[in-house]
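The values are calculated or read from the model by the stated rules, or taken from the named source; none is laboratory data. Note that this is a predicted model, so its numbers are computed, not measured. We place every Cβ from the backbone using ideal geometry, glycine too, and count neighbours over all the protein chains shown. Surface areas here come from the heavy atoms of the whole protein model, side chains and all, with no ligands, DNA or RNA. Shrake-Rupley method; radii C 1.70, N 1.55, O 1.52, S 1.80 Å.
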Amino acid sequence: MSLLLLLLAFTAAFAQVPLVSGRVVNKAGEPLVGVSIAVRGTTTGVTSGSDGSFQLSNVAPDAILLFSYIGYNTQELRLNGRSQLAVTMTEATQSLKHVVVVGSRSHNRSVTETPVAIDVIPIREITNTAGQLDLNQILQVVAPSFNANRQTGSDGSDHVDPATIRGLGPDQTLVLVNGKRRHQSSLINIFGTRGRGNTGTDLNTIPAAAIERVEILRDGASAQYGSDAIAGVINIVLKSNVDAFTGSVNTGITQEGDGEQFQVNGNYGFKIAEQGFVNMTLDYLNREKTNRPADPAKYDIYRRQFGDASSENFSVVFNAELPVNAQSNFYTFGSFNFRDTDAYAWTREADSERNIPAIYPNGFDPHIQSRITDRALSAGFRSEVKNWEVDINNTFGANRFHYYVDGTLNASLLEQSPTRFDAGGFSLTQNTTGLHLSRYFEEVLAGTNLAFGTEYRIENYEIFAGEEASYRNYGIVDTVIDGRVRQVDILGRAAGAQGFPGFRPENELSEYRTNIGLYVDGEFDFTKSFMINAAARFEHYSDFGSTLNGKIASRLALSEKLAIRGSVSTGFRAPSLAQIYFNTTFTDFVSGQPIDKVIARNNSPLTRRLGIPELRQEKSLNASVGFMGSFRNFTATVDGYFVDIQDRIVLTGAFEDTDPDIGADLQALGVGAAQFFTNAVDTRTLGVDAILTYSTSFTTDDLLSISYAGNFNDLELRNITTSSRLAGKEETYFGLREQKFLLASAPPSKMNLIFDYRLNTWNLNVKFNRFGKIVLIDWLGEEDVYEPKITTDVAIAKKLNKYLGLTLGAVNIFNEYPTEQNTETESGGLWDPVQMGIGGAFYYARLRVNF
């Protein structure tokens, strides 16, 4: 309260009298609803109402107003003492200051005129009233087709949140930054529910404070952008504003009194010459653990520590353009992210053979820790040559994931065991060099845009070993038996660090592959109402061959207010290097009992003996059809989609050493079970995305916006196939339990209903989020049913003065949890981390600064 009173006093000190009003329209004189009008260097700002009108108070007579709207050129107007303004905004056209709109290479097409579904999410505005602090969680509550949850008890997946679009895999969505391919994480998910057997891109390496907007293309786009774009494309557009500092201090805590979060960030940009700029962001985020263990007197659960991991995250992002002349400029952008994380592993009881009572008399809960370093740098030259826009670019990215295990031991070392180990890890680097050309022909048809180009990509995946004590069994000694030297385990103790045995020297590798792609893309406006987009792409991979894919999409405007659209395309996803080469020995828990398992690399002798073939590309057929309409201040878009994927890559179930076909091989390796990556299943997805928005004003200085967004999808598994040697073992190869994990990539329905009301300097925001029913199979073979749930987020924001703003709010204010389970779940707690996560209610405060 003292802080609030001081801020209010500060507000009064800077209050000003002038009042500015006006109206914003397009070139046709039609009002533009939701235009962002901001006073440069302050937190003062409004959005235009249903008739395009706006009103600002407490504005200096010489202030500069910034008008921005997706698909339109940003405008700056100095007041010069004026109190009435009439503003006409022009649609963004081709220019050297690149306007990235994913899904179209034509700069003469606004986002509302594309033939496929695109969500444009203004992150800078959303963060004013969002309690979520990282990008994954922000998108989770505003984009219905996007799903991401923090995993628990899932080794590396506790440290990098796997995210999906339309219920497909994390690796079936391509991520771009400023239109350039972003590298994936080096992590492959082997536990948890979402993303099992997949790699993906770690979106949380880019802080929300650095992002202007996120564009989500909800349509297959392999023919346009290449591998990984089966489900769609996420394009992150970095901030480019100048002469203004924006920052925030955020803090919050759960209703249970844990999971404390603290974040501080700042963003500033400055001009270079007349058209150039440099924009930079620093962000620090600290998140403490949550703990939601089951009552051992009530439930037969095996974990004393169960909840979200702690994380300390530091990020630096920059975005810059340097003009060379009127036709050319250099551009560059990049990021650095360091994350230090700590997650609890399964409990080792005091009397377990995996415990040494002299070290842990009450048993112990190992900590799986990670040091994740992520780097990216993109640089290019853009110019106009004989009316062709030429873009030459090189983008480099690297992700390194280093494991440590603390609060643990190596039982085979007995009382001499250390309690902390370096467990090794893995890394992925990617370098993409591209040449892109695009030209708009105004005189051809009603307008035609042609684009073509080529990209060359090099990838390198490495696994590096941990220290010897993290993986070795010191109880194995050479013993002479019947005149022969044999290795005998004289202790019968488990090897390596409990919680996460380290990578061994035999796991180490460094594998490369190259890829070259060629594409052509055309957009043909036959009339002002009808257009067709056609694209084709050829790619050749050094390790599995070539692929050719195509896409055709169209949009027909039936009137100025109603249009229909549709597309058909083929797609592909190359198996990631991690899926081909990842191999490790790890400890899993089955019905509470530890079992040492091996994941064998795809080209290992073991997989060859079992007849498991080399991994092939995933192939898809995508189709969509929908409409978009508007009537005054109401808009609606509805898109149905069909995605048929052949040869999806999955992680099989575990074959145990008692199996009559594989058992002898596993016993020779000294492991209890083995799993493999393989093209095991075809899937078919049918779904609908619906987005409805309505806005209205009751007075001249307020705006009520209501939006509904829903995703409904049905994922069907088809044609589960095994190798000939494993025929008849489909239940183990990819059985019902594993199938349910794949189906749990997204709820069958997810809906968001958002009310946003702005009155002068106040902003009230209420979100309702509904997650559909999910069914999993636990270790006992029983169904774990997670009933539909609704969470509610509430925030109230106040602009205290032209420099400061304050937001108070709650995420999941009614403290909803997934349905409790009374048997052992996959993660060992009362719930698996499906739907909305397992943290409960979270209360937060945010202080925003702008000058």
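So that you can scan it fast, the table gives a plain yes or no per residue for (1) in contact (Cβ under 8 Å) with a residue 60 or more places away in the chain; (2) touching a Phe, Trp or Tyr at 6+ places or on another chain (Cβ under 8 Å); (3) within 30 Å of residue 537 (Cα to Cα):
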| residue | (1), (2), (3) |
| --- | --- |
| 229 | yes, no, yes |
| 240 | yes, yes, no |
| 259 | yes, yes, no |
| 271 | no, yes, no |
| 288 | no, no, no |
| 306 | yes, yes, no |
Where a residue in segment 633-662 is over 25 Å from residue 171 (Cα atoms) and outside any strand (DSSP E or B) and its partner, wherever it lies, is open to solvent by 30 Å² or more (accessible area, probe 1.4 Å) and among the aromatic types (Phe, Trp, Tyr), with Cβ under 8 Å and at least six apart: 633/694
Residues in segment 725-741: is at least one basic (Lys, Arg) and open to solvent by 70 Å² or more (accessible area, probe 1.4 Å)? yes
Residues that are hydrophobic (A, V, I, L, M, F, W, C), within 28 Å of residue 379 (Cα to Cα) and not in a helix (DSSP H, G or I), drawn from segment 176-207: 176, 177, 187, 206
Every pair of residues 6+ apart whose Cβ atoms lie under 9 Å, when the first sits in segment 608-624 and is at positive phi while the second is among the small types (Gly, Ala, Ser) and open to solvent by 30 Å² or more (accessible area, probe 1.4 Å): 611/724
Can you name the residue in segment 554-577 that is among the aliphatic types (A, V, I, L, M) and buried (at least 24 other Cβ atoms within 10 Å of the Cβ) and is also nearest to residue 512 (Cα to Cα) among such residues? 577
Among the residues of segment 460-500, count how many are at pLDDT below 85 and at positive phi. 3
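Would you mention how many residues in segment 295-343 are within 24 Å of residue 372 (Cα to Cα) and of a type in the set (Lys, Arg)?
1
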Would you check which residues across segment 799-851 are touching an Asp or Glu at 6+ places or on another chain (Cβ under 8 Å) and of a type in the set (Asp, Glu) and list them? 824, 826, 832
Name the single residue, out of those in segment 686-703 being hydrophobic (A, V, I, L, M, F, W, C), surrounded by fewer than 19 Cβ atoms within 10 Å (Cβ to Cβ) and at pLDDT 90 or above, that is farthest from residue 20 (Cα to Cα). 686
Mind listing whichever residues of segment 765-800 are within 19 Å of residue 709 (Cα to Cα), of a type outside the set (Asp, Glu) and either open to solvent by 40 Å² or more (accessible area, probe 1.4 Å) or touching a helix residue (DSSP H, G or I) at 6+ places or on another chain (Cβ under 8 Å) (or both)? 767, 768, 769, 770, 773, 788, 789, 790, 794
All-but-one check, residue 495 against (1) over 30 Å from residue 359 (Cβ atoms); (2) touching a helix residue (DSSP H, G or I) at 6+ places or on another chain (Cβ under 7 Å); (3) part of a loop (DSSP other than H, G, I, E, B), failing number (1)
List, please: which pairs have Cβ atoms under 7 Å, are six or more places apart or on different chains, and start with a residue in segment 836-851 that is closer than 13 Å to residue 308 by Cβ and in a strand (DSSP E or B) and end with one that is open to solvent by 20 Å² or more (accessible area, probe 1.4 Å) and among the hydrophobic types (A, V, I, L, M, F, W, C)? 842/811
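So, residue 129, is that one of a type in the set (Ser, Thr, Tyr) and more than 30 Å from residue 681 (Cβ to Cβ) or not?
In short, yes.
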For segment 262-362, which fully contained strands (runs of 3 or more DSSP E) count at least 3 residues that are more than 30 Å from residue 820 (Cα to Cα) and aliphatic (A, V, I, L, M)? 276-287, 310-323
Report the residue count in segment 173-188 for those that are polar (S, T, N, Q), open to solvent by 10 Å² or more (accessible area, probe 1.4 Å) and over 14 Å from the mean Cα position of the chain (by Cα). 1
Name the residues in segment 602-633 that are over 22 Å from residue 566 (Cα atoms) and open to solvent by 30 Å² or more (accessible area, probe 1.4 Å), would you? 603, 605, 608, 609, 611, 613, 614, 616, 632, 633
Quick check on segment 472-483. Is at least one of its residues within 38 Å of the chain's Cα centre (by Cα), surrounded by fewer than 16 Cβ atoms within 10 Å (Cβ to Cβ) and not hydroxyl-bearing (Ser, Thr, Tyr)? no
One residue is enough: does segment 195-215 have a residue meeting the conditions at pLDDT below 90, of a type in the set (A, V, I, L, M) and more than 27 Å from residue 716 (Cα to Cα)? no
Which condition breaks for residue 216 when tested against (1) open to solvent by less than 10 Å² (accessible area, probe 1.4 Å); (2) within 22 Å of residue 313 (Cβ to Cβ); (3) among the β-branched types (Val, Ile, Thr)? (2)
Looking at (1) in a strand (DSSP E or B); (2) touching a Phe, Trp or Tyr at 6+ places or on another chain (Cβ under 8 Å), which is the only condition residue 551 fails? (2)
Given (1) more than 20 Å from residue 712 (Cα to Cα); (2) at pLDDT 90 or above; (3) of a type outside the set (Lys, Arg), number of the condition residue 627 does not satisfy: (1)
Per the list (1) more than 20 Å from the chain's Cα centre (by Cα); (2) of a type outside the set (Phe, Trp, Tyr); (3) open to solvent by less than 10 Å² (accessible area, probe 1.4 Å), residue check on residue 351 breaks on (3)
When you look at residue 170, is it crowded, with 24+ Cβ neighbours inside 10 Å and modelled with pLDDT under 85, yes or no? no
Which one is least open to solvent (accessible area, probe 1.4 Å), of the residues in segment 455-471 that are among the hydroxyl-bearing types (Ser, Thr, Tyr) and touching a Ser or Thr at 6+ places or on another chain (Cβ under 9 Å)? 461
Please count how many residues of segment 110-120 are open to solvent by less than 10 Å² (accessible area, probe 1.4 Å) and at pLDDT 85 or above. 3
Those residues of segment 683-730 that are in contact (Cβ under 8 Å) with a residue 12 or more places away in the chain, of a type in the set (D, E, K, R) and either under 23 Å from residue 757 (Cβ atoms) or not in a strand (DSSP E or B) (or both) come to a total of 4
Out of all the residues in segment 786-800, is one or more in a loop (DSSP other than H, G, I, E, B) and on the phi > 0 side of the Ramachandran plot? no
For the structure I just gave you, tell me whether residue 745 is within 29 Å of residue 638 (Cα to Cα) and of a type in the set (Ser, Thr, Tyr). yes
